[in-house]
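Structure first, then comments.
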Amino acid sequence: MRTIVAITTPTGNVGRNLTAYYRDAQKHDIDVVVLARKHQSVSDWAQAGARVCVGRLEDRDFLVSATRGVHALYWATPNSFPPELTMRGGYRVFAESAAHAIKTNKITHTVHLSGFAHVDDGGGENSLFGALADSEHILGGAVEELQSTHPEE
């Protein structure tokens, strides 16, 4: 049985390297699903045999469809959300979308990379640290719920 790994932020620092690693591992029963906003930025992955799904990660319907059949998910939250959302609000929208896909598609293996740059963390709704903590809580809750309702998988 082939293992299917979905990767977000495939053009980012970590996602780009992870996608290349798994692309090279395809001969070892691993298939790659690349989740991207723009097809042209990942067309080389499609040519290399990865399944490319183009859409926005905060779109629950897109994310559920794109991760159907996936066994493992590498999730890095992009920090590109509508300007009317606070940082914490934006991170929550992404995390809730991912949590919905994880639970809907029973993705039992999820890696969430949370990182930060040097920022002035003014606290409150603009707190990057708070936003990351929110994301960890939402994603961790989704995986725990899935594991408690499907312990044999």
Unique residue being hydroxyl-bearing (Ser, Thr, Tyr), at pLDDT below 85 and touching a His at 6+ places or on another chain (Cβ under 8 Å) when the list is Ser135, Ser114, Ser80: Ser135
Qualifying positions in segment 73-92 - crowded, with 18+ Cβ neighbours inside 10 Å and either within 12 Å of the chain's Cα centre (by Cα) or in a helix (DSSP H, G or I) (or both): Leu73, Tyr74, Trp75, Ala76, Thr77, Met87, Arg88, Gly90, Tyr91, Arg92
Close pairs (6 angstrom Cβ cut-off, 6 or more residues apart or separate chains): closer than 18 Å to Asp31 by Cα and open to solvent by 70 Å² or more (accessible area, probe 1.4 Å) in segment 48-70, at pLDDT below 95 and among the β-branched types (Val, Ile, Thr) anywhere: Arg51/Val33
Any hit, segment 49-61, residues being assigned to a helix (DSSP H, G or I) and of a type in the set (Asp, Glu): yes
Segment 1-48: number of residues that are aliphatic (A, V, I, L, M), within 18 Å of His112 (Cα to Cα) and part of a loop (DSSP other than H, G, I, E, B): 0
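The values are calculated or read from the model by the stated rules, or taken from the named source; none is laboratory data. Owing to the predicted nature of the structure, the values given are computational and were not obtained by experimental measurement. Note: ideal-geometry Cβ built from the backbone for every residue, glycine included; neighbour counts use all protein chains shown. Heads up: the accessible areas ignore ligands, DNA and RNA and are worked out on the full protein's heavy atoms, side chains in. Shrake-Rupley method; radii C 1.70, N 1.55, O 1.52, S 1.80 Å.
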